[in-house]
1. Filter the stretch 159-200 for residues that are within 16 Å of the ligand (Cβ to nearest atom) and aromatic (Phe, Trp, Tyr) and give the result.
2. Would you list the helices (runs of 4 or more DSSP H) that sit entirely within the stretch 191-283 and hold 1 or more residues that are under 20 Å from Val168 (Cβ atoms) and among the aliphatic types (A, V, I, L, M)?
3. Collect the residues in the stretch 98-112 that are touching a helix residue (DSSP H, G or I) at 6+ places or on another chain (Cβ under 8 Å), assigned to a loop (DSSP other than H, G, I, E, B) and away from the ligand (no atom under 14 Å from the Cβ), keeping them in residue-number order.
4. How many residues does the stretch 138-152 hold that are near the ligand (Cβ under 8 Å from one of its atoms) and not in a strand (DSSP E or B)?
5. Looking at the stretch 130-187 only, could you name the residues that are under 20 Å from Asp210 (Cβ atoms), surrounded by fewer than 16 Cβ atoms within 10 Å (Cβ to Cβ) and either touching a residue at least 60 places away in the same chain (Cβ under 8 Å) or among the hydroxyl-bearing types (Ser, Thr, Tyr) (or both)?
6. What's the number of the only condition in (1) exposed (fewer than 15 other Cβ atoms within 10 Å of the Cβ); (2) closer than 24 Å to Gly68 by Cβ; (3) modelled with pLDDT of 95 or more that Tyr260 fails to meet?
7. Where residues in the stretch 284-324 are outside any helix (DSSP H, G or I) and loosely packed, with under 10 Cβ neighbours inside 10 Å, which of them is nearest to the ligand (Cβ to nearest atom)?
8. I want to confirm something. Restricting to the stretch 70-88 and keeping residues that are more than 8 Å from the ligand (Cβ to nearest atom) and more than 21 Å from His112 (Cβ to Cβ), which single residue is surrounded by the fewest Cβ atoms within 10 Å (Cβ to Cβ)?
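The values are calculated or read from the model by the stated rules, or taken from the named source; none is laboratory data. As the structure is a computational prediction, the values presented were derived from the model and not from experiment. Note that each Cβ is placed from the backbone with ideal geometry, even for glycine, and that neighbours are counted across all protein chains shown.
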Amino acid sequence: MLSSFLSPPLPSLLPCPRRRFLSSTTAAAGKIVAIDAAQAFDYESRASSLRDRQSKLKIAIVGFGNFGQFLARTMSSQGHTLLAHSRSDHSSTASSLGVSFFADPHDLCESHPDVVVLATSILSAEPVLRSLPLHRLRRSTLFADVLSVKEFPKNLLLNNLPPDFDIVCTHPMFGPESAKHGWAGLPFVFDKVRVGASDDRISRCQKFLDIFEREGCRMVEMTCAEHDEHAAEIQFLTHTVGRLLAKLDLRSTPINTKGYETLLKLVENTCSDSFDLYNGLFMYNKNSTELLERLDGAFDSLKKELFGQLHDILRKQLFESPRKSPGN
Ligand code: NAP
């Protein structure tokens with residue numbers, strides 16, 4: 001009886017178990033002993049550690065490069081269990097981050113993560129997804145991607161994952177360079193493409209999104225198509241201008257203005273990402289081609305404006321200035 005009193009099922013815990021008294025043998029001996037002090041079983045801490053465990057996820061990151069490692073650092077610091085798999089051997093970086101690295105995707109999938117995060121390059125996403133032994137995962141697994149384009153992975157995941165898997169497409173709109181001082185206030189775009197109606201599936205997806213919310217990200221829910229429309233301007237344009245400026249080989253000077261410093265920073269921010277990433281923004285966002293044409297057109301029109309004015313001045317000088325006679 002004493003043992004059943006000491007170990008009630010956790011959900012039936014009273015809100016405040018402390019002000020209870022040992023009865024039975026102790027009371028029979030004429031002593032009533034309050035158990036406020038240190039106890040062999042501390043219900044409050046057990047309940048809170050259960051709550052804590054329940055809010056933690058086992059997350060597998062597929063594609064453990066620059067961005068995969070950046071995500072793992074924060075996820076791991078929040079107490080989630082991190083696993084990773086990648087084409088290259090990143091085992092020593094993984095162990096320094098407290099992440100279990102699996103060279104073989106079969107072993108990764110057999111570890112039955114709650115969430116698989118696809119963090120590989122846009123260009124390699126399809127072959128990487130197809131190479132995963134999905135049948136080794138639990139029948140209900142949440143797949144999340146973090147690719148910088150969204151319609152492409154949405155269709156890829158819908159077409160290749162078993163119907164029992166949940167899908168959330170996300171884009172943390174920051175990276176190791178722009179978020180080196182934290183994620184607070186930075187936009188995180190997500191689209192719950194397919195999440196089952198049961199409480200556990202809804203809560204699993206929410207726990208994953210909570211990772212970003214907890215860090216203070218600005219959570220923006222929008223469709224993948226809407227994302228790509230906006231992203232062509234704000235992302236592809238930014239990267240294109242940064243890479244264009246990089247071709248000019250700009251250097252810092254003793255008289256840098258604030259504006260010029262901004263340009264140098266833009267080059268640094270955009271060129272620290274891989275060219276594959278930039279290329280993916282172009283190849284896998286149908287709005288990027290139009291943006292590139294608009295940029296080309298805008299540059300031509302600006303040049304026409306400048307040269308047009310120069311032409312007008314030259315014409316005036318040639319034809320309108322008073323002719324000097326040969327004797328003068
Ligand atoms: P990335 O160049 O876009 O991707 C590098 C990752 O892709 C590495 O894990 C690399 O694996 C893997 N990979 C490349 N080619 C592969 C191939 N042929 N087969 C198998 N794996 C291949 O650089 P990233 O910055 O790490 O970005 C990863 C993803 O996050 C991209 O989809 C990107 O759009 C997205 N993202 C990046 C940022 C950012 O700021 N960097 C921000 C938001 C979203 P190994 O390292 O093992 O070779």
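1. Phe174, Trp183, Phe188, Phe190
2. 199-214, 224-231
3. Gly98 - this is the single residue of the stretch 98-112 that is touching a helix residue (DSSP H, G or I) at 6+ places or on another chain (Cβ under 8 Å), assigned to a loop (DSSP other than H, G, I, E, B) and away from the ligand (no atom under 14 Å from the Cβ).
4. Here is the first cut: in the stretch 138-152, the ones near the ligand (Cβ under 8 Å from one of its atoms) are 145-149.
Restricting the remaining residues to those that are not in a strand (DSSP E or B) gives 146-149.
Number of matching residues: 4.
5. Ser140
6. Unmet for Tyr260, out of (1) exposed (fewer than 15 other Cβ atoms within 10 Å of the Cβ); (2) closer than 24 Å to Gly68 by Cβ; (3) modelled with pLDDT of 95 or more: (2).
7. Only one residue fits best here, namely Ser321.
8. Ser77
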